[in-house]
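Following: one structure in structure tokens, then a few remarks.
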Amino acid sequence: MPEIYLEYYKNTKMGGFKSFKPNFKFYVPHKLFKKFSEKYIIYFYDFDWKKDSVIKKDLNAHGLDKIHENINNIQISILNGEILPKKKRFNPEDTENIEYGAFNIVNIDENTIKIYNDIFSMVPMYYYMDNDIFIVSTKMKPIIERLNSLSKTLTEDNVGKYFSASCGYLIGNYTFFEEIKYIRPGRKITINLENNKVTFSRYYTYKYTKKYKQESIKESDFMELFNIFDKSQDILLKNYSENTGLLISGGLDSRYIIAQMEKLYIYPKLLNMGHKNSSETNLAIKVSKLSNNIGNLTINELTEDNIIKNAEEYYNVNEGFENFECDYLLDFKNWAIKNNVHYLYNGYAGDAVVGGTFYTRRNFDLASICDQIIDLKDLIHEIKTKEDCINLILKNLGIHKEKILKEKYKDFKEINLRKIVENEINNIMDEITYETYLDVYIHFQYLTRVYRHVLNGCLATRSFSEFIHPFFAYKMFETSLTVDDRLKTQHHIYKKYLIDRFPKYAKINKSGWGVNCYNSAKVCKFGEYYEAFKNKLINLVNNKFEKPLIKMDTYYDATYWYYNSEEFRNFLKNDLKNGFMDKHIEYIEKYYDIKYK
């Protein structure tokens, strides 16, 4: 995914604008395109491999001059670094005609510049604005360096710094600087070239109004729903069908994607990161065989070495959006390039969109275990008020770390975490159509846990491949919001969907959410608890004896690595409990030249 940088001169009399040339480099400086005018300048970089790139095609045949001749002088449309011909131009606000999109688009006509991001903000955008200049960019560092060259003052944002340390990601429009803001999903920025006004607006509204309700849904409604999902996936897969790859665990989400691909005779390159003989790896092998695609499976065990070697580069790529515990994503690069993978599919958030992950309440006291396994109680029955919503979100954001952080860093002493969360909840309530506070809670999860992790995948791989998230196909996602939460919980509708459309994949056994879909909800919930309890116990044993005695049945096992590797212990400065947070802060300070005081 190319990087885009645009600056608009609100004060063209200010010295230095005309002679400005970027003194920064983006992560992937392939083919550079520049668009100049009296009032603005656009830079972006395009990928060599992008077959449908108008720039690449015309550059090879004619060069930049020919491109300019083929563009209407009054209107330019730039989508993810590609100059679109008239027949490809579109209005991002017309979401009815958009099937999938991880995009930023800049539309320029005689009087205005309009800048859009997609409704999920899967490719980030940031902006800075004062009386002299307006800057928007897909990375923060170019904005910072440009402002430094203009002797502009930047103020460290303690709220952004706090969230990054506390939960590993940012929320709302916070960044590490008060003057630079993150652009929320589904936004439009309009620059009026006649009067220099810059306005922000929201062009998309999430609608949680329930159409498919538990008390009235019929079998024909389920079929209608599944047909919408299938059609949405068919269109997505056909548009991104060449040179595909898939991260496969064998859980419900990757099973679903590979089943949809098999239906269309798409056989992707497969990658699994589990350790030898783990149930995840064994399941990936089973699913690969079932899809007649075992020859394309690569098993690349994730180790502590992957975390250590990628850490610093990871911050150059994702700019601290999520802490480096996810830096193993960079290890996809060699595999993707070797296998010529242009579109890398990932099932992340499928069980949130179609299933019931967000409703899970996993507590290990006896009363909670009985409630959740025997009576199948979950958060649907617990989020009734705005206060319920706020309290649970505070827990998700790591409020248990608040005291520790405020004692350690004086910058955080005045931060009112509850007030910040309450403001975010109020923003959500103004921006979505909701029926209950559960809808508000779910939307906050999409804006934080889901979008940040999805965005992290897009950032980590955009130098070599385009990350595709099938569950964010517009029609599938929008329709899922209209499904009664009581139908999603315990993965009821997800399992019914797989049984109806892909029965051979529905029968595969796996603990946790991936249990044989034909089993009851209580059996599935027991499997989920069993897996969680087993891994919790393994961690306790390894910590108790301070030795790598047992590996968890998952691809990521920081505790085992800690006791297995002196290098990893040194990397975390012999502090397994706080080492990741402290190391994250160290990298943030270095990358942005800021200080946690």
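Among beta bridges from DSSP that stay inside the chain, the antiparallel ones total about 75%.
Note that the chain presents 42 Å² accessible area per residue, ligands and nucleic acids not counted, probe 1.4 Å.
Averaging Cα coordinates gives a centre for the range 264-322 and one for the range 346-408; these two points are 28 Å apart. Using θ = phi - 60° in the Karplus curve 6.51 cos²θ - 1.76 cosθ + 1.60, the 3J(HN,Hα) couplings for the range 200-206 round to 10, 8, 9, 9, 9, 10, 6 Hz; x is entered for Gly and Pro. For the chain, the longest principal axis of the alpha carbon atoms and the long axis of helix 219-239 meet at an angle near 50°. Between Ile171 and any residue 5 or more places off or on another chain, the built amide H atoms are never under 5 Å apart.
Taking the longest Cα principal axis of the chain as reference, the axis of helix 451-461 is set at about 70 degrees.
Around the amide H of Ile468, modelled in the peptide plane, lie the amide H atoms of Leu344, Tyr345, Asn346, all under 5 Å away and 5 or more residues distant in sequence or on another chain. Give the angle, between 0 and 90 degrees and rounded to the nearest 10, that separates the Cα long axis of helix 521-545 from the longest principal axis of the Cα atoms of the chain. Once rounded, one gets 80 degrees. Between the residues Leu417, Tyr345, Ile115, the greatest Cα displacement towards the positive end of the dipole of the chain, with unit charges on the Cβ of Lys, Arg, Asp and Glu, is found for Tyr345. The local environment of Asp130, defined by Cβ-Cβ distances under 13 Å, has a net charge of 0 under the rule Lys, Arg +1 and Asp, Glu -1. Using 0.36 nm per residue and subtracting the Cα-Cα separation, the extra length available between Val541 and Lys39 on full extension is 174.3 nm.
Using a probe of 1.4 Å, the accessible surface attributed to Tyr212 totals some 10 Å² when neighbouring protein chains are kept in position. Charge dipole of the chain (Cα centre as origin; +1 on each Lys and Arg Cβ, -1 on each Asp and Glu Cβ, all else neutral): 460 debye, rounded to the nearest 20. Taking amide H positions as modeled 1.01 Å from N, with prolines and chain starts lacking one, the residues under 5 Å from Thr112 and 5 or more places away or on another chain are Leu193. The modelled label-to-label distance between Asp365 and Lys152, using points 7 Å beyond Cα along the C-beta direction, is 5.1 nm.
Loop-located GluC sites (Glu not before Pro) in the range 398-440 (DSSP state not H, G, I, E or B) with no more than 15 neighbouring Cβ atoms inside 10 Å: Glu414, Glu435. Derived scalar couplings between HN and Hα for the range 398-412 equal x, 5, 5, 8, 4, 4, 4, 5, 6, 6, 7, 10, 5, 4, 9 Hz in order, rounded to whole Hz, by the Karplus curve 6.51 cos²θ - 1.76 cosθ + 1.60 (θ = phi - 60°), x for Gly and Pro.
At 0.36 nm per residue, minus the direct Cα-Cα distance, what do Glu215 and Glu145 gain on full extension? Give it in nm, one decimal, please. The partial results should precede the final answer.
Details: separation 70, 0.36 × 70 = 25.20 nm, distance 5.73 nm.
Taking Glu215 through Glu145 to full extension adds about 19.5 nm, to one decimal.
Under the criterion of Cα pairs below 8 Å and six or more residues apart, the relative contact order for the chain equals 16 percent. Remark: for residue pairs Lys507/Lys551; Lys386/Lys488; Lys496/Lys536; Lys286/Lys507; Lys406/Lys590, the C-alpha separation exceeds 19 Å in Lys507/Lys551; Lys386/Lys488; Lys496/Lys536; Lys406/Lys590.
What's the FRET efficiency of Asn196 with Lys86 using the Cβ-Cβ distance as r and R₀ = 35 Å, to the nearest 0.05? Result of the calculation: an efficiency of 0.80.
Calculated FRET efficiency, Glu589 and Ile499, Cβ-Cβ r, R0 51 Å, to nearest 0.05? Don't skip to the answer; put the middle values down first.
Details: r = 51 Å, r/R0 = 1.00.
After rounding to 0.05, the efficiency reads 0.50.
The values are calculated or read from the model by the stated rules, or taken from the named source; none is laboratory data. As the structure is a computational prediction, the values presented were derived from the model and not from experiment. Virtual Cβ from ideal backbone geometry, glycine too; neighbours counted across all protein chains shown. For the accessible areas, the whole protein counts, side chains as well, though only heavy atoms, and no ligand, DNA or RNA atoms are used. Shrake-Rupley method; radii C 1.70, N 1.55, O 1.52, S 1.80 Å.
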